[in-house]
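The values are calculated or read from the model by the stated rules, or taken from the named source; none is laboratory data. Every value quoted in this text rests on a predicted model; they were computed, and no experiment measured them. Cβ placement follows ideal geometry from the backbone for every residue including glycine, while neighbour counts extend to all protein chains displayed. Remember, those area values only see protein heavy atoms, side chains included, never the ligands or the DNA or RNA. Shrake-Rupley method; radii C 1.70, N 1.55, O 1.52, S 1.80 Å.
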Amino acid sequence: MDAADFERRWSEEFVPLAERLPGLQRVVVAHTHGGPAGPVEIYLVHELHFASFAALKAAMSSEAGMAAGQ
């Protein structure tokens with residue numbers, strides 16, 4: 001999958017599902033631009049914050065969580 005297709009699928013498919021996760025408290029998205037050693041393959045970090053590991057597990061067991069995991 002190329003970067004443009006990944007960005008499209010991420011924003012059109014994953015993000016709407018992730019936003020429906022029960023218990024989701026905060027979302028942080030960051031684009032990377034390389035590191036001290038030069039370019040890196042990872043260029044996007046999407047953090048989903050929950051109150052606890054139990055809340056995360058419950059969210060991932062929900063219908064939206066199972067769909068987002070696909």
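Out of everything in segment 16-47 that is open to solvent by less than 60 Å² (accessible area, probe 1.4 Å) and free of Cβ contacts under 8 Å to residues at least 12 places away in the same chain, what residue ends up being nearest to M66 (Cα to Cα)?
Step by step, filter segment 16-47, then rank; the result is P16.
Among the residues of segment 23-41, is there at least one that is of a type outside the set (F, W, Y) and in contact with a Pro (Cβ under 9 Å, 6 or more places away or on another chain)?
Taking every residue of segment 23-41 in turn, at least one turns out to be of a type outside the set (F, W, Y) and in contact with a Pro (Cβ under 9 Å, 6 or more places away or on another chain).
Within segment 13-46, which residues are farther than 22 Å from D2 by Cα and charged (D, E, K, R)?
Within segment 13-46, E19, R20, R26 qualify.
Output the residues belonging to segment 21-59 that are part of a loop (DSSP other than H, G, I, E, B) and within 12 Å of the chain's Cα centre (by Cα).
L21, L24 - these are the residues of segment 21-59 that are part of a loop (DSSP other than H, G, I, E, B) and within 12 Å of the chain's Cα centre (by Cα).
Tell me, which residue of segment 48-70 that is among the polar types (S, T, N, Q) and either open to solvent by 50 Å² or more (accessible area, probe 1.4 Å) or closer than 24 Å to D2 by Cα (or both) is modelled with the highest pLDDT?
S52
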